[in-house]
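For reference, the structure discussed in these notes is given below.
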Amino acid sequence: MMLFLMEIWESVRDFMNTGGDVLWLVAGALFIMWSLMIERYWYLSAVFPKEMKRIVGDWDARADTTSWYAHRIREAWISQAQVKLQARMQLIKTLVAICPLMGLLGTVTGMVAVFEVMAQMGTGNPRLMASGISMATIPTMSGMVAALSGVFFSSRLEAKVKVAEHRLIDSMPHH
Amino acid sequence: MKTVLKSVVLAAAVALSAQPVLAADAPKAKNLEELLQQVKKDRLSEGRINKQREQEFLSERADKQALLRKAKAELAAEKSRGEQLAADFAENEKTLSQLEEELTLAVGNLGEAFGIVRQVAGDLNSRFQNSIISAQFPGRETLMSELAQTKDLPELPQLEELWFALQQEATQSGKIVKFSAEVSTNEGEKVTQDVVRVGAFNLMNEDEYLVYSSDNQAITELGRQPEAHFVSSVKNYMGEGAGVHPLYVDPSRGTILSLLTTKTTLGEYYEAGGIVGYIITGVLLLGLLIVLERLLVLSAIGGKIRKQLKSDVADESNPLGRIIKVYENNRNVDVETLELKLDEAILKETPRIERGVSVIKILAAIAPLLGLLGTVTGMIATFQSITLFGTGDPRVMAGGISTALVTTVLGLVAALPLIFLHSIVYARSQALIHVVEEQSAGIIAAHAEKENK
């Protein structure tokens, strides 16, 4: 088991070395993105139902649900719930959008490395340029993969948030 | 008559020009008679002189004959001597070849040995020139080059010297030694300091790596030290007295360290970006400043709003407080008027919260575009150099290309944090807007209900 983990760690480190420093940025973005998304899933599935039950209970307990005051209060409660539901969704979407940009950054820094080698050693030896080229291509690929992994789940999350909002609104009838 | 006289005098002068001294000394004739007398007199004396010269010639002719005979005799003597010498030369040549033959016979197998000695000495010469051990023992390579180039047979002491040098190189490459040496610093000064040599691999002073340059056979400071964690290992290593300690060693015997001086630093990369690079930096700094200001202002407003939510008294220093104040001032109006008044107050508050957020987004969008601008200007520079120098040398083009790429990098580097920070600032401002726009009326309603109970 230990050996297996070490082997995995070795291959990850190899991958990071060939990909260059930008890969760490992509990895960082991916890590933050996924922790935020997991936190959102957890909130939606574990915390929000209790929250919703409480709000709906409060609403049902009210004697007055028809006056102007009651409507304003209902709107305020819904808005508070929405703020909590949508917290960090913007950040997740931004991180998804940033990932390919980071890949692009890696592409360009890799090309800079290639041209530096060319400026010093000429074009005679393509092997010297290979490390720069892998520094250019690997972050691009990882940025794409990171963004793709985020796009699907973040849009699923968004839909879930919307559904939760509507369910809350629908379960607070006003007359 | 006078012209005749003149021409006669002239003719006499020309006739006498063979003896210009005489002519000049001749007394001038006063009249024709005297001139006649004088000419007669001169003719007599000239005849005498001529006779005398003739006799001189005749006597000298006999002498010359003798001289000629003598010279001829000398020529004959030299010729015979030349023949003699040529014969001697041929004789000597023969002896020489004979002797050389004898020598090769006498040297026998040793000839091969001496050839190897020369070869080894030549190898050692070039090796010593590059070896950092020569920094401690200067002058070894001159002896080796003498031995490699000499035509004579090496003497026994020289052979021993060669053996000693080989042995020394082998022994010293396994040692860690501290010695005092002259080091040329980057400022061009020469400083004598303690230098530590690790085998044949590294030279270091107290806290830095040094290199031994084979061209001028001197220890020099590196123009650029490697990354900090490599250099700090030197400092730690020098601090230790005994035992085993880690140290980064250059296995290429100084080549990798000298290559470092040609490596481009981040600063140089940044400089390559040019004016566009500076503009992008300006955009980034401006964006960061706005972000900082917004974060401070928004968190201050947020804090005050949270405090307002807990208290019942309207505090006019925050947007929510101001909206509640509007309600308190219009307590007795009907619901619809109150709603209009509240909407008006809310409309006044939102721009203050949203201000500057979109500017960050615009700056984040501008930065990559500026990078693109730099790319294009860099490519223009590249194509200019192609029209000037052709495509033969990729190095000429590489300069423009790296400018193009560096600005792209800078654009992305500026855009990424700005986009990220924009989303944070935007989320914060949105949360406050939610409170002010959608919840303020509800909060007021809750207050009113509490008071009515």
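The values are calculated or read from the model by the stated rules, or taken from the named source; none is laboratory data. Computed from a predicted structure; not experimentally measured. Methodologically, a virtual Cβ is constructed for each residue, glycine included, from the backbone with ideal geometry; neighbour enumeration extends over all protein chains shown. For accessibility, only protein heavy atoms count, side chains too; no ligands or nucleic acids. Shrake-Rupley method; radii C 1.70, N 1.55, O 1.52, S 1.80 Å.
General observations
- Cα-centred dipole magnitude for the protein assembly as shown, charges only on beta-carbon of K, R (+1) and D, E (-1), debye, nearest 20: 2120 debye
- Ranking B:V120, B:V435 from most to least accessible surface, computed with a 1.4 Å probe over the protein chains only, gives B:V120, B:V435.
- Among B:P368, B:L347, B:T387 the positive-end extreme of the charge dipole of region B:321-387 (Cβ point charges): B:T387
- Computed FRET value (nearest 0.05) for B:L156 with B:A218, which takes r as the C-beta separation and R₀ as 22 Å: 0.05
- Nearest-0.05 FRET efficiency for B:E354 and A:T18, computed from C-beta distance (R0 45 Å): 0.50
- With eigenvalues of the C-alpha gyration tensor scaled by 5 and rooted, region A:70-112, Å: 42, 6, 4
- Calculated mean residue ellipticity, 222 nm, the protein assembly as shown: -26500 deg cm²/dmol, from DSSP H runs (n ≥ 4) at -39500 (n - 2.57) each, averaged per residue and rounded to 500.
- Sparse-neighbour loop sites [trypsin sites (Lys or Arg not before Pro); region B:46-152; at most 14 other C-beta within 10 Å; DSSP]: B:K151
- The dipole here belongs to region B:221-339: it is taken about the Cα centre, uses +1 on the Cβ of Lys and Arg and -1 on the Cβ of Asp and Glu, and is about 220 debye.
- Cα-only radius of gyration and Dmax that characterise region B:237-396, units Å: 30.4, 92
- Qualifying trypsin sites (Lys or Arg not before Pro) in region B:228-317, where qualification requires a DSSP coil assignment and no more than 11 other C-beta atoms within 10 Å, comprise B:K263.
- Working note: Cα atoms of the protein assembly as shown, range along each principal axis, descending, whole Å: 177, 97, 44.
- Per-pair calculated FRET efficiency, R0 = 56 Å: A:Y41 and B:F383 via Cβ, rounded to 0.05: 0.60
- Long hydrophobic helices in chain B: the complete DSSP H runs spanning 27 Å or more by Cα along their own axis with mean Kyte-Doolittle hydropathy of at least -0.5 are B:110-130, B:274-310, B:335-354, B:357-389, B:394-434.
- Accessible area of the protein assembly as shown belonging to carbon and sulfur atoms, whole % at 1.4 Å probe: 63 percent
- Size descriptor for region B:349-403, Kirkwood hydrodynamic radius: 13.7 Å (Cα pairs only, one decimal).
- Positive-pole candidate from A:Y69, A:M89, A:A29, dipole of region A:1-127, charges at beta carbon: A:Y69
- If you run the Gaussian network model on chain A, springs between alpha carbon atoms under 10 Å, then out of A:S11, A:S155, A:S134 the most flexible one is A:S11.
- Relative compactness, region A:101-175, computed as alpha-carbon Rg over 2.2 N^0.38 Å: 2.05
- When the alpha carbon coordinates of chain B are projected onto the principal axes, the ranges are 176, 98, 43 Å, largest first.
- Total charge dipole magnitude, chain B, about the Cα centre, Cβ charges on Lys, Arg, Asp, Glu only, Debye to nearest 20: 2200 debye
- Each of B:H229, B:H422 has its accessible area taken with a 1.4 Å probe; listed largest first, they run B:H229, B:H422.
- Alpha-carbon Debye profile of region B:306-451, log10 I(q)/I(0) at 0.08, 0.12, 0.16 Å⁻¹: -0.45, -0.65, -0.87
- Temperature 20 °C, viscosity 1.002 mPa s: under these conditions the Stokes-Einstein estimate for region B:156-256, based on its Kirkwood radius over C-alpha pairs, is 144 µm² per second.
- Straight Cα distances below 18 angstrom link B:K51 to the lysines B:K40, B:K41, with same-chain residues fewer than 8 positions distant left out.
- Listed residue (B:G282, B:V436, A:G132) projecting farthest to the positive dipole end of the protein assembly as shown, Cβ model: B:V436
- Local charge for B:G188 was computed over the other residues whose Cβ lies under 14 Å away, with Lys and Arg +1 and Asp and Glu -1, and equals -3.
- Amide H contacts of B:V183 (H built 1.01 Å from N, in plane; Pro and chain starts excluded): B:V191, B:T192, B:Q193 sit under 5 Å, all sequence-distant by 5 or more or on other chains.
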